[in-house]
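Taking it in order: structure first as structure tokens, then the write-up.
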Amino acid sequence: VSGTGTNTSSSSYVYVYVGGLVGYQNGGTITNCYATGEVIGTSSFSVHVGGLVGGHEGGSITNCYASGSVIGTGSSNVDVGGLVGYSGGTITNCYASGEVSGSSSSYVYVGGLVGRQNSGSITNCYATGAVSGGNFVGGLVGYHTTGTITNCYASGEVSGTTVGGLIGFSYYITITNCYATGRVTQISPGQYHGGLVGNNQGGTVSNSYYDSQTTGQSDTGKGMPKTTAEMKQQATFVGWNFDTVWMINEGLSYPYLFDTSKPQTKTVTEVPCTLTFKLSSTRNLTMLVDGVAAGATVTVQCFKADQFSAPNPPFKHAENLYKEKLVITGTGLEGLNATLTWNLDSGLYANGTAPDKVYRVSEGAIAGEYNVTASDNTVSISGVTGFSDWYAGTATAVPVTLSGLELE
């Protein structure tokens, strides 16, 4: 997607809005949308360019993402963001992953998610792309005046004049439960820079951190510096909600926003060992692991019905499978003897019927079949010696044999 505007006289001003989905949004809502292509905006005056929306003047953007690179060039104000160029509304549960860059002979506001945010709020969002530009550059937001940023993070490298791992310039905003990890490079010595915030004017920063080793920064008072090892420990993040908002693979990953389809990895510290994995904000998988050596790891991913297709074969009636798949893998699991227990959600029952079977599928074939009794919405199976893809369902799912015979 590209857009261009050119002044035709000294009295005419051309404001260009370019977005991967919407050029200009004035109020209203954008929900459950995405854009993946490169977005380029140029103007001989002012330009606002976003991977999803160019200009967002009020209203809300929820559950959306953009993955394409975003480039903005102009001679006056230039706002460039991985998701939104200029925003004056609310953005919730969104992310951007593309590289973002901007240039101008005047002011340039460049952010991994939003170039310039004027009031409004950003909640439960993140950006991962590299960000580069001129005056105000941030891994999440280049320039933010009033409003709030809550439960957000940025991991992309950033370079600019006033530059921060999360925000380049903040003016009377409240930043809560956020972090940044990307390398911070200042292109004009003597200007403002920081691991989390480049220049903080009158705002508050609470329970927010940055990785001092990866960002290359050490400033305090506008974000707390921590080592990489500390940033991968849940105990570092005081006051954060690790039940329904955040998740972390202890000692292995930075925190990430709640998403059970992402790998959750736990390490066996002693034998036997009980490991707990989240299947939703209210449901867990508990695994009692025995027979392996300390140091073994188990990784679980939980996929809902709209995130996978049940293999058919090996199931003749895949529609009778529980509407959830667990993908379980690991290292050092020789001699494994495990018991798995997890909570069920009646809303995910196949055809309204609680499952009475659990099937383990490996390389397209049934590798294990377990009879279970769902009691108080809980399923438990023991004697597990290997992991792969797991499906719960009813006996009427009917496994298909390797010989190709279909059993009625």
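Suppose we filter THR299, THR260, THR339, THR269 for residues that are surrounded by 16 or more Cβ atoms within 10 Å (Cβ to Cβ), over 22 Å from VAL372 (Cα atoms) and at pLDDT below 95; which single one remains?
One residue alone meets the criteria, THR260.
Quick check on this structure: which one of GLY251, GLY335, GLY295 is farther than 25 Å from THR385 by Cα, assigned to a loop (DSSP other than H, G, I, E, B) and not assigned by TED's automatic domain parsing to the domain that holds TYR210?
GLY251
Would you be able to tell me the number of residues in segment 146-155 that are surrounded by fewer than 24 Cβ atoms within 10 Å (Cβ to Cβ) and assigned to a strand (DSSP E or B)?
So the answer is 2.
For VAL205, state whether it is in a strand (DSSP E or B), closer than 22 Å to SER69 by Cα and at pLDDT 95 or above.
no
Can you tell me how many residues within segment 206-223 are polar (S, T, N, Q) and in contact with a helix residue (DSSP H, G or I) (Cβ under 7 Å, 6 or more places away or on another chain)?
3
Suppose we filter GLY133, GLY129, GLY74, GLY58 for residues that are buried (at least 23 other Cβ atoms within 10 Å of the Cβ) and under 22 Å from TYR171 (Cβ atoms); which single one remains?
GLY133
How many residues does segment 97-116 hold that are assigned to a strand (DSSP E or B) and over 23 Å from ARG183 (Cβ atoms)?
Final tally of qualifying residues: 1.
Each row is one residue, and each column tells you yes or no for (1) modelled with pLDDT under 95; (2) hydroxyl-bearing (Ser, Thr, Tyr); (3) under 23 Å from the mean Cα position of the chain (by Cα); (4) assigned to a loop (DSSP other than H, G, I, E, B).
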position	(1), (2), (3), (4)
VAL163	no, no, yes, no
THR185	no, yes, no, no
PRO189	yes, no, no, yes
ASN199	no, no, no, no
GLN213	no, no, yes, no
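Which residues, counting only those in segment 156-192, are surrounded by fewer than 19 Cβ atoms within 10 Å (Cβ to Cβ) and more than 17 Å from THR128 (Cα to Cα)?
TYR171, TYR172, THR174, THR176, ILE187, SER188, PRO189, GLY190, GLN191
Quickly run through segment 36-54 and pick out the residues that are surrounded by 24 or more Cβ atoms within 10 Å (Cβ to Cβ), part of a strand (DSSP E or B) and free of Cβ contacts under 8 Å to residues at least 60 places away in the same chain.
Result: VAL39, GLY41, SER43, VAL47, VAL53, GLY54.
Find the residue count for segment 373-388, including only residues that are closer than 20 Å to ASP290 by Cα and either outside the structural domain of VAL327 (by TED's automatic domain parsing) or not hydroxyl-bearing (Ser, Thr, Tyr) (or both).
Result for segment 373-388: 6.
Going by what's in this entry, would THR220 be described as in contact (Cβ under 8 Å) with a residue 24 or more places away in the chain, hydroxyl-bearing (Ser, Thr, Tyr) and not in a strand (DSSP E or B)?
Answer is no for this residue.
If I ask for residues that are in contact (Cβ under 8 Å) with a residue 40 or more places away in the chain and loosely packed, with under 13 Cβ neighbours inside 10 Å, which ones from segment 229-240 would you list?
Of everything in segment 229-240, just one residue is in contact (Cβ under 8 Å) with a residue 40 or more places away in the chain and loosely packed, with under 13 Cβ neighbours inside 10 Å, namely GLY239.
Please state which one of VAL100, VAL53 is over 26 Å from PRO189 (Cα atoms), out of contact with any Asp or Glu (no Cβ under 7 Å at 6 or more places or on another chain), among the hydrophobic types (A, V, I, L, M, F, W, C) and in the same structural domain as VAL163 (by TED's automatic domain parsing).
VAL53
The values are calculated or read from the model by the stated rules, or taken from the named source; none is laboratory data. Every value quoted in this text rests on a predicted model; they were computed, and no experiment measured them. Cβ sites come from the backbone with ideal geometry, for glycine too, and all protein chains shown count toward neighbours.
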